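The values are calculated or read from the model by the stated rules, or taken from the named source; none is laboratory data. In this text, all values refer to a predicted model and were calculated from it rather than measured experimentally. Positions of Cβ are generated from backbone atoms using ideal geometry, with glycine treated the same way; all protein chains shown enter the neighbour counts. Each accessible area value is taken on the protein alone, full model and side chains, heavy atoms only, with ligands, DNA and RNA left out. Shrake-Rupley method; radii C 1.70, N 1.55, O 1.52, S 1.80 Å.
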Amino acid sequence: MALMNSLAFSFVFLSLLFTASYAYRGPLVGGKTDIPDVKSNREVQELGRFSVDEYNRSLRLRRNPADQLLEFRLVVEAQSQVVAGIKYYLKILALQNGRERVFNSEVVVKPWLRSKHLLHFAPSRSGANPN
């Protein structure tokens, strides 16, 4: 009888735990989170400018005259993810050769080291102004 009560209690407890975890729809640990008010977020805009500056610096190091430098305009979308620091996924509007284009950027920030590192920078598949 004690075994039956113990199994019944375990079943009820696990059922409640499963239901509670399923009902919770908050951000997952390690998951991406949308950043609200991107256009007025100074930190996000500075990371966008940093991304474009780093991309331009890499072009200058290659010394290829066909490469077109970019002019930062605005970060239009952003997400963050907690990793070994904070990883930012940015959609950046920039001028290239007089035309507005959208680029995707990934930057990792480690505030305790006061470091930022550009991981990825490339034209967005949409490539057009999202506004």
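Sub-9 Å Cβ pairs linking a first residue in region 46-67 that is free of Cβ contacts under 8 Å to residues at least 24 places away in the same chain to a second residue that is in a helix (DSSP H, G or I) and open to solvent by 70 Å² or more (accessible area, probe 1.4 Å), at least 6 apart or interchain, are ASP67/ARG60, ordered by first then second residue.
Yes or no: region 59-77 includes at least one residue that is open to solvent by less than 100 Å² (accessible area, probe 1.4 Å), within 19 Å of VAL108 (Cβ to Cβ) and modelled with pLDDT under 95. Scanning region 59-77, I find no residue that is open to solvent by less than 100 Å² (accessible area, probe 1.4 Å), within 19 Å of VAL108 (Cβ to Cβ) and modelled with pLDDT under 95, so the answer is no.
Restricted to region 14-52, and to residues that are of a type in the set (S, T, N, Q) and at pLDDT 95 or above, which residue is surrounded by the most Cβ atoms within 10 Å (Cβ to Cβ)? Can you show your working first?
Quick first cut of region 14-52, residues of a type in the set (S, T, N, Q) only: 15, 19, 21, 33, 40-41, 45, 51.
Then keep just the ones that are at pLDDT 95 or above; that gives 33, 40-41, 45, 51.
Numbers: THR33: 13, SER40: 8, ASN41: 15, GLN45: 18, SER51: 27.
It comes out as SER51.
Looking at region 75-106 only, could you name the residues that are under 9 Å from the mean Cα position of the chain (by Cα) and aliphatic (A, V, I, L, M)? Within region 75-106, ALA78, ILE86, LEU90 meet the criteria.
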